[in-house]
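First the structure, in the form of structure tokens, and then the observations on it.
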Amino acid sequence: MTGAGPVALTEVPGPPATYAECPDPATEHEPEACPGIPRPAAAGTGGVAGTELPGPAAARTGGVVRTEFRTRRAEEAGRILGAAHGLALRLVTAADGPEYGMVRTDAGAFADGAVSLPARIEFITDEVTALTVVAMSAGLFERTAAGVDERFGAGDVLLVRPGGRSCFARHSDTRFTTVNLSAALLAQAAAVANPRRPGLPRFTGSTPLDTSLAALWTRTRSFVAETLASGVTSPLVLGQAGRLLAATALAVFPNTATTADGSSPADTRDATPDTLRRAIAFIDAHAHTDVSLADIAAAVYVTPRALQYAFRGHADTTPLTYLRRVRLARAHADLEAADPRAGVTVAGIATRWGFAHQGRFAAAYRRMYGTSPGATLRS
């Protein structure tokens with residue numbers, strides 16, 4: 001159905017947009033972040049509780065890899081956790097006995113995890129190679145870097161930034177979630193947030209710009225974690241989830257991409273009806289692929305900001321809302337053409353077109369077509 005004509009430009013509820021208008025970052029200096037989780041060398045020296053595997057148990061579904069481990073050996077816990085989160089650390093104090101654990105889902109451009117360290121464990125971090133957002137759910141995490149002491153408890157969110165500065169960290173009966181974001185994903189989100197400052201953004205602080213933004217991160221991460229837990233492997237869904245996380249990180253933490261509005265007179269000049277027509281043609285032809293706001297803008301040779309202006313000024317909508325609208329129409333066409341006796345399901349068609357949450361898909365579908373997806377499939 002990719003050859004169907006343009007869809008009427010009307011607003012349709014859907015998942016959160018994968019870009020964000022971000023506040024200006026704070027200017028005060030923050031110490032180099034040190035991980036909220038221990039690190040070691042390579043995973044693979046036994047000690048996984050409940051199995052004889054020589055390392056964490058991993059399962060691959062499509063392009064998603066789910067890893068889970070439990071161990072009572074503190075050194076092994078540090079080694080596996082560090083390898084997963086890009087941390088080079090030296091254990092100072094750690095006790096064998098408590099059951100340390102991690103569940104991690106790696107989707108390529110990003111990874112989501114949950115960690116349990118039910119004991120007192122201290123370490124020194126010499127190098128951090130991956131960017132990680134840590135959200136505390138229980139216990140106390142303390143760290144010292146560049147003479148600055150910080151304490152984080154349940155509800156706090158912090159950023160572990162790449163760098164070589166040494167820091168000391170202590171976990172006391174902690175549970176927390178982690179999200180790793182690739183450099184490519186962050187650069188793409190930064191290009192949308194500020195097209196006049198392309199490239200990889202540098203985070204200038206490790207705590208949220210505002211206390212309310214910690215809750216924003218937690219809600220966003222929970223939304224993505226639920227999507228991953230559903231077992232979805234659709235590139236469209238995973239691409240949207242990754243971009244949403246990266247955009248939210250730029251909105252929550254101070255960084256060089258969002259220090260200014262990023263717009264220019266050229267953005268207004270380029271926001272023409274012709275830009276809108278070319279963007280609609282591109283979206284109609286590529287709605288079945290994992291396209292982002294930046295991809296659409298690049299295809300019509302304007303900035304993401306100019307593209308947003310064109311849709312808002314000439315169609316009273318946004319590019320991503322129109323994209324969701326097209327995908328909803330394609331899902332509708334597939335439901336009408338499908339034979340449920342052949343094993344076709346509403347969930348399968350919805351996921352194919354980038355709708356991970358079936359309840360939200362059904363609600364949007366009913367608002368647009370006045371009936372349920374299931375009724376269309378059975379008709």
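The values are calculated or read from the model by the stated rules, or taken from the named source; none is laboratory data. The structure displayed is predicted, hence computed values, not measured ones. Cβ: placed from backbone, ideal geometry, glycine included. Neighbour counts: every protein chain shown. Each accessible area value is taken on the protein alone, full model and side chains, heavy atoms only, with ligands, DNA and RNA left out. Shrake-Rupley method; radii C 1.70, N 1.55, O 1.52, S 1.80 Å.
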Ranked output for segments 316-325, 237-246 by mean other Cβ atoms within 10 Å, highest leading, reads 237-246, 316-325
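Place a +1 charge on the Cβ of each Lys and Arg in the range 223-379 and a -1 charge on the Cβ of each Asp and Glu, then give the dipole magnitude about the Cα centre in debye, rounded to the nearest 20.
Numbers: 16 positive and 12 negative charges, 77 e Å.
It works out to roughly 380 debye.
At R0 = 30 Å, how high is the FRET efficiency between A298 and S372 if r is their beta carbon distance? Nearest 0.05 is fine.
Values: r = 37 Å, r/R0 = 1.24.
Calculated value: 0.20.
Using 0.36 nm per residue of separation minus the Cα-Cα distance, give me the extension gain between R151 and D96 in nm, one decimal. Walk me through the numbers on the way to the answer.
Values: separation 55, 0.36 × 55 = 19.80 nm, distance 2.44 nm.
Net length gain for the segment: 17.4 nm.
In square angstrom, what is the accessible area per residue of the range 283-379 with a 1.4 angstrom probe? Kindly include the intermediate steps, with their values, before the conclusion.
Values: 3960 Å² over 97 residues.
Value for the range 283-379: 41 Å² per residue.
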Could you work out how far apart the two model spin labels at A342 and D316 are, taking each label as a point 7 Å from the Cα in the direction of the beta carbon, and quote it in nm?
4.0 nm
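Provide the gained length on full extension for the span S137 to A362, in nm with one decimal, where the gain is 0.36 nm per separating residue minus the Cα-Cα distance. Could you put the intermediate results ahead of the total?
On the way: separation 225, 0.36 × 225 = 81.00 nm, distance 3.22 nm.
Gain in length upon complete extension: 77.8 nm.
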With a Förster radius of 22 Å, plug the Cβ-Cβ distance of S222 and A184 into 1/(1 + (r/R0)^6) and report the FRET value to the nearest 0.05.
0.35
Determine the dipole magnitude for the range 103-214: charges of +1 sit on the beta-carbon of Lys and Arg, -1 on that of Asp and Glu, nothing else is charged, the reference point is the Cα centre, and the result goes in debye to the nearest 20.
300 debye
